[in-house]
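This report concerns only the one structure given below.
All of the numbers you see were taken from the coordinates with simple rules; none came from a lab. Keep in mind the model is a prediction, meaning the values are calculated, not measured. Note that each Cβ is placed from the backbone with ideal geometry, even for glycine, and that neighbours are counted across all protein chains shown.
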Amino acid sequence: MFDTLIIGAGVIGANVARELSQYNLKIAVLEKNRDVCEETSKANSGIVHGGYDATPGTLKAAYNLRGNRMMADLCRELDVPFRQNGSLVLAFKEEEKDQLVQLLRQGLKNGVKGLSILDRETVLAKEPALNPEVVAALDVPTGGIVEPFQLTIAASEVAAMNGVQFFFETKVLSVIKTTDAFLVRTKQGDFHAKTLVNCAGVYADEIHNQLSKQKTSITPRKGEYCLFDKQLGNLVNATIFQLPTDKGKGVLVTPSVEGNLLIGPSSVFVADKEDTATTPEGIRMVLEKARQSVKDIPTQLIITGFAGLRATEAGGDFILGEVKDVPGLFACVGIESPGLTSTPAIALDTATWVAEYLKATKRIPAIKTRKNIPRFAFQTVEKQKALFQENPDYGKVICRCELVTLAEIKASIHRPLGATTLDGVKRRTQAGTGRCQGGFCSPKIMQILGEELRLDPLKITKFSDESTILVGVDKDWL
C-alpha cells in the first residue's frame, strides 16, 4: 500500500513527486513510457510566459503568475538552464495597437509587472531582425525560456533520491475507488494507494472519469515546430509572439536555452491522443506565420521538426485540487499552456493538499537540490582541463555537433533514473540534438549503452520497444 500514487511522469508529475518527497510518505510514480518526459513535456516551446494573456480570475492566470515568479529559484535548486530573456507581442497594423493596450491592461490586472508598449523604432532597435512592418509591441520583461527536459529529469532525480519509486512501462488500465483506498490496475500488476494524483496529460480525463461523476473532456491540440541550427541562435534575443487568437498564443520565434532557434507551434485539434506526426501542411504554416514576425528565416538551417500534443480541457481552464466527489483524488487536469510556466506553483500546491489530507510530516533531512552533469561544451578552457584531469573520459568526444563527451554519456546512464535509450541520453546530455541529428554519434552511443547496461545491441531502442534500431547481424565482430 502506497500513501500516494502519481500517474504520469511529465513535468507536472515529476515536480509533484519532488515536492511530495519532502514528506514522510511512501510514494510511487506510474509512467506508461520507458522514461520520464516522453509526452507533452518533451515537445513544447520551453517558454516561461509572463502572464498577460490569461483571462483574469482563471486558474491559468493565477498559476502563470506564481509559477513565473518561482521558476528562477526552482531552476537554481535543480541546476536547470533558465534565462529571463523577455518577450515581445507584435502588432503590424495601426488598428492592432488597441489589442496591445487590452493585453497590457489584462496583464496588469493579472499582476504582471514591467509591461509597456514600445513604438516601432524602439522595437526594431531591440530586435533588428524583426519584420520592418511592425508598428508597435507589448514588452514583457518577465518572460523567459527554460529547458523542459531538464526540468522534468531533475525533479524526478530529486524525488528518486528521496525514495520515490518510479515504475516505467506501467500503463494504467483502470482505476477503482475502494472503501478507503484506490486500486490501480496496470500492465505490470495492481497498485494500491490511499491517495491518487492524476497527472496523466492528454489521458487525464480518462482517469478522472473512471472515478468522478463530474466529467471532464480533453481534446489533444497538436503543435508542430521547426528547430534550427545554432547559427541562428542569436537571430532574436527575446521570445517573439504575434497577437493571440482563439487558437492560442500563435506561432512564436524564440531562442532556446541551448542556443538554437525555435519556431512554432501550429494549433490543430486531433482525435488520436498518440498523433505526434509532423505534416507538410503544418510545417509550411509554421514557416509562413513565423516569417510575418521575422522575414529572413533560412529554411536550409532547419535541423529537425517535431510535434507535441496539448491537453485542452473543454472548460478552457486548469482543473486542480481534490475532486469533490472522490476524496483522496487530486486533479492536475487540462494542463496546457501556460502549464510549463505554472509547474512550480501547481506542484507545490498539489503536494501541500495531499500532505494535509494524509496528515504527513516533513522529512528531515530531505534532498531538495541536485547538480547537473557538467556540460563540457559550456566550460572555460581551464575548467575543461580540470574535468579531463579528474576524469579522462572528458577527453573523448562522442557527439561532435554538441561536443558531448564519453564522461557525460556515462554519467547520464548511471545517475538516478538513468538513461536506457538513445532519447534518454539525448535529453540528459544533448548528444544527437545537433546539426546531424545523431547521424554520426548514435552508433557509438548505442555501443556505450550496451556496454554500461550489459544489453544486447539488438535490444537497444530509440525510446520504446517499438523503436528498435538494429534488426540483425550480417557478420561477426572482428
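Quick look at the values:
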{"read-out": "Theoretical ellipticity at 222 nm over the chain - DSSP helices of four or more residues, -39500 (n - 2.57) apiece, nearest 500", "value": "-9500 deg cm²/dmol"}
{"read-out": "Residue-count net charge about ALA181 - beta-carbon cut-off 13 Å; Lys, Arg +1, Asp, Glu -1", "value": "0"}
{"read-out": "DSSP bridge orientation in the chain - percent antiparallel, rounded to nearest 5", "value": "75 percent"}
{"read-out": "Proximal charge balance of GLY282 [Cβ under 9 Å; K/R count +1, D/E count -1]", "value": "0"}
{"read-out": "Segment LEU108-ASP272, length gained on full extension (0.36 nm per residue, minus Cα span)", "value": "55.2 nm"}
{"read-out": "Förster radius 30 Å - calculated FRET efficiency between VAL135 and ALA314 (Cβ-Cβ, nearest 0.05)", "value": "0.25"}
{"read-out": "Mean Cα-pair separation over length for region 210-266, i.e. relative contact order, pairs under 8 Å, 6 or more apart, %", "value": "38 percent"}
{"read-out": "Förster-model FRET efficiency, 35 Å R0, GLN447 and ARG83, C-beta, rounded to 0.05", "value": "0.50"}
{"read-out": "Sequence ranges 134-146, 157-169, ranked by mean other-Cβ count within 10 angstrom, highest first", "value": "134-146, 157-169"}
{"read-out": "By average C-beta atoms within 10 angstrom, highest first, the peptides 304-314, 13-23", "value": "13-23, 304-314"}
{"read-out": "Length gained when the stretch GLN165-GLU288 is fully extended (0.36 nm per residue, less Cα-Cα span)", "value": "39.7 nm"}
{"read-out": "As computed over the chain, the Cα convex hull volume per residue (Å³)", "value": "157 Å³"}
{"read-out": "Förster radius 45 Å - calculated FRET efficiency between THR380 and GLN214, Cβ distance, rounded to 0.05", "value": "0.20"}
